[in-house]
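To start, the structure itself, in structure tokens.
The values are calculated or read from the model by the stated rules, or taken from the named source; none is laboratory data. The structure presented is a predicted model; accordingly, all values stated were derived computationally and were not measured. All Cβ positions, glycine included, derive from the backbone under ideal geometry; neighbour counts span all protein chains shown. Only protein heavy atoms, including side chains, enter the accessible area calculation; ligands, DNA and RNA are left aside. Shrake-Rupley method; radii C 1.70, N 1.55, O 1.52, S 1.80 Å.
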Amino acid sequence: MSRFFRFSPSRLALVYIGLGVLALALFAVLLWYAWRANLATFREYVDGEQTQKFSETFDRQGAEGLSAAIAARLKNLPRDEIIVFADPAKQRLAGNLNDWPPQIPEAPGTYGLVIALGGGSSTRVVASHVILPGGYHLLLGRESVRFESLVERFWYGITGAIVAVLLLGGLIGWLSHRALLNDVNEISRTALAISKGNLSRRVATRGGSNELDNLAETINGMLEQLAAQNVQLESEIGVRRQAEHALHRAHEDLESLVAERTAQLARTNESLRRNEAYLAEAQRLSHTGTFGWVVSNGDIFWSEETYRIFEYDRAIKPTVELVLQRTYPDDRALVRQLIDRVSQQRKAFDFEHRLLMPNGSVKYVRVVGHPSVEDKSGNFEFVGAITDITERKRAEQRLRAQYTVTQLLAEATTIEEVTPKILQTVCEFLLWDLGALWSLDRQASVLRCVEVWHKESVKVPQFEAVTRERTLRTGVGLPGRVWSRHEAAYIPDVTKDANFPRGPIAAREGLHAAFAFPILLGGDVLGVMEFFSREIRQPEQELLNMMATLGSQIGQFIERKRAEQAVLSAQMELAHVARVATLGELTASIAHEVNQPLAAIANNASACLNWLKGNNMEEARTSIEMICADGHRAGEIIGRIRALVKKTPTQKDWLDIHQTIREVVALAHSELQRNSIALETRLSDAVQPLVFADRIQLQQVILNLIMNAVEAMSEMSDGRRQLLIRTDTDESESITVAVQDSGPGVKPEDLHRLFTPFYTTKPQGMGMGLAIGRSIIEAHGGKLRVMANEARGATFQFTLPTGHRRTAAVE
């Protein structure tokens, strides 16, 4: 009986275990009670039916429908209940809490928790955490004062159990210390001897606790084995030292290899960094940036050059909205439509559009992209490049504008005719809204506005009216500045320029940027052209250089037109001299023509007097009628002569070419008779006789051709002298007038020189008749040429465009 109550460590351990089990059993009773109470509380506070309804609403209507249902539920929700609905990232979508409580466990279930309400306050709740399809989270619960009391009881129970176990452990530990102290001291002395290398010492057994006896026997057995293994250990130590040396060498080799690989990686990184620098520099030089666009989530990635093109800070994350924000307003709808189309069709794209920068400048960009391979997650990406083509576009527009203006100047006849077209061309090609031409009034020493052109969409009535009414002196306003400096000038914003009198009106009507250039002739300013834009634009030196060249071209055009006018005046003067000379050659024939009606008038007057003496009134009336007819005939001859001699400017009108030929033939009739020349006219009835021409100039050409034929045939001593004048039409429906003679003809070597000025085959000729005739016909849109006849003589033939179109329009 006494042996049973001995305090051995094993028995003390059994007693400690038994008492611990007893304390835990008492705690289990309290835990079971708390569990039953909590279960009842959970069932009372968590409404499973409401949770089911919300789950069904989510299945039918999705996240938006559930958010609306919770919002409706909140209107009648008791104050002690909580509802929170959140997305997969636990961002609150609906509910009466501001945020998803971080205390809620990740796993779904029903929990009793203390959650923070903000402002340092908290509350204890019983809540059910439900995870809906798609990873959405739903939390339903109520505040629980009862649960709090149950938790306190739980902690009271576990605290009492722990205190009881600790007290029992202390008591049993003290008893174990008393029982084991002697045996442990013996073991400690033995262990101290072993630590000093005395492996011959053994632990004595004294019949104490079985555990210590067993431990002593175990230690003694281990000492025996340790002594036996000591010899073997010494040999193994030698082997281990060799292994350590080998391991050390391997470690050194590994460090050398790592250093080598590190150096290779550094070189690779340096090469990569250098290549990236080269790529960035190449993009900067070529004004080309790169981008990536993930269509599924809208992520956009830009290179450094792309940020520079759009002029955004690199800290800003690029989006489609930022791209549209920089897009020029007129191009925004088109770019939006293209983005929507390529995101749906997923095809390569290549397009150009404009960007409007914050400072008011405009950029032209070309965007090229192609789709990449879709990954396993379903992400579809476009990769591409964006190139700033502003300089190229502006250069193209400037070249097109310069070419168009040059073409207009080449086709125009007067500066007044071409000015509106030049203003319109510059505005449309270079994207300016309004243009004006200022002409220099040398007598008043001021600039006057003579022409204004603006786009139909630009309404600036006050500015246009003031511009047309105002005069500017040298140095005043933009045109006056250009006039005084003899060079182009640029103003980014006229509303902020102190030397711009029309600035307030321009500000009211939305005009900002402006530039002007002089129209120069030599070193003199003939006028100034200015242009305006609704945008604020920075100066462009290339634009000013081009406009300076354009101003010189316009000045050269004015100089050329003045020279052409002088040549035309000289030509008219020379033509007048040629007509007078021709009439001088016809003096005898003209005198004969005039004498005939005058002689007839005298004879009829004598006859009339005789009839009056005989009271024969009927015959007298007949004689007077004949006198009147002869008087009109003499007047017509003199009128034709005066018309040819009179020096008047060109006056074109629709006239009958057949009637014109008859008038010239009547004038040269006496000369033909005097030289015994038989005249035949074949004026075709199939010809449309109307031509738009100057009557006097055509009469001069026909008369010159007739007189040349007369002079050529007058030198013939044999053969019949015949002159044929005929009209016909050619394939282009132009009228052809031919004067064919039977004279000696034209030598082949003289054919290509007949129309050269001052070349003549006549001893007393001026050599200007045919040259003037060709210039007159060409000025009327026709051609004059000479051909040798098959038998003898020559044919001079000219063509003129007819008036068949005018006749058709009248009909």
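List pairs: first residue in the range 463-492 and under 24 Å from SER552 (Cβ atoms) and part of a helix (DSSP H, G or I), second residue among the polar types (S, T, N, Q) and open to solvent by 30 Å² or more (accessible area, probe 1.4 Å) anywhere in the structure, Cβ distance under 6 angstrom, at least six positions apart or on different chains.
GLY480/THR474; TRP483/THR474; SER484/THR474
Name the pairs: first residue in the range 400-415 and crowded, with 17+ Cβ neighbours inside 10 Å, second residue not hydrophobic (A, V, I, L, M, F, W, C), Cβ to Cβ under 6 Å, at least 6 apart or on different chains?
ALA401/THR425; THR404/THR425; VAL405/THR425; LEU408/LYS421
All but one of (1) of a type outside the set (A, V, I, L, M, F, W, C); (2) surrounded by fewer than 13 Cβ atoms within 10 Å (Cβ to Cβ); (3) at pLDDT 80 or above; (4) over 20 Å from LYS393 (Cα atoms) hold for ASN297, so report the exception by its number.
All conditions pass for ASN297, except number (3).
Which condition does GLN344 not pass, out of (1) open to solvent by 50 Å² or more (accessible area, probe 1.4 Å); (2) modelled with pLDDT of 85 or more, if it passes all the others?
Tallying (1) open to solvent by 50 Å² or more (accessible area, probe 1.4 Å); (2) modelled with pLDDT of 85 or more, GLN344 fails exactly one: (2).
Please go through the range 654-668 and give me each residue that is surrounded by 18 or more Cβ atoms within 10 Å (Cβ to Cβ) and assigned to a strand (DSSP E or B), ordered by number.
Across the range 654-668, there are no qualifying residues.
Let's see how each residue does on (1) open to solvent by 30 Å² or more (accessible area, probe 1.4 Å); (2) within 23 Å of ARG537 (Cα to Cα):
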site: GLU304; (1), (2): yes, no
site: ILE316; (1), (2): yes, no
site: LEU324; (1), (2): no, yes
site: ASP330; (1), (2): yes, yes
site: LEU338; (1), (2): no, no
site: ASP350; (1), (2): yes, no
site: PHE380; (1), (2): no, no
site: VAL383; (1), (2): yes, no
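Polar (S, T, N, Q) and farther than 17 Å from GLU143 by Cα: does that describe GLN91?
Answer is yes for this residue.
Identify the residue in the range 261-279 that is open to solvent by 90 Å² or more (accessible area, probe 1.4 Å) and modelled with pLDDT of 70 or more and, among all such residues, is farthest from GLY289 (Cα to Cα).
It comes out as ARG261.
Which numbered condition trips up GLU671, out of (1) under 21 Å from VAL786 (Cα atoms); (2) crowded, with 17+ Cβ neighbours inside 10 Å?
Unmet condition: (1).
Cβ-Cβ below 6 Å, separation at least six or inter-chain, first residue in the range 521-539 and under 25 Å from ILE415 (Cα atoms), second open to solvent by 40 Å² or more (accessible area, probe 1.4 Å) and among the acidic types (Asp, Glu): which pairs?
LEU521/GLU559
In the range 682-693, what residues are more than 15 Å from LEU784 (Cβ to Cβ) and either open to solvent by less than 40 Å² (accessible area, probe 1.4 Å) or part of a strand (DSSP E or B) (or both)?
ARG682, LEU683, SER684, VAL687, PRO689, LEU690, PHE692
Among the residues of the range 393-404, is there at least one that is touching a strand residue (DSSP E or B) at 6+ places or on another chain (Cβ under 7 Å) and in a helix (DSSP H, G or I)?
Among the residues of the range 393-404, at least one is touching a strand residue (DSSP E or B) at 6+ places or on another chain (Cβ under 7 Å) and in a helix (DSSP H, G or I), which makes the answer yes.
So which residues in the range 720-747 are at pLDDT 70 or above and exposed (fewer than 14 other Cβ atoms within 10 Å of the Cβ), if there are any at all?
ARG720, ASP730, GLU733, LYS747
Residues in the range 107-123: is at least one at pLDDT 85 or above, open to solvent by 70 Å² or more (accessible area, probe 1.4 Å) and more than 15 Å from PHE54 (Cα to Cα)?
Yes, the range 107-123 has at least one match.
Return the total of residues in the range 528-547 being at pLDDT below 85, surrounded by 18 or more Cβ atoms within 10 Å (Cβ to Cβ), outside any helix (DSSP H, G or I) and among the hydrophobic types (A, V, I, L, M, F, W, C).
Within the range 528-547, residues that are at pLDDT below 85, surrounded by 18 or more Cβ atoms within 10 Å (Cβ to Cβ), outside any helix (DSSP H, G or I) and among the hydrophobic types (A, V, I, L, M, F, W, C) number 0.
On the given criteria, is GLN61 modelled with pLDDT under 85, of a type outside the set (Ser, Thr, Tyr) and over 25 Å from LEU117 (Cβ atoms)?
In short, no.
Give just the number: which of (1) modelled with pLDDT of 75 or more; (2) open to solvent by 60 Å² or more (accessible area, probe 1.4 Å) does VAL567 not satisfy?
So VAL567 meets the others, but not (1).
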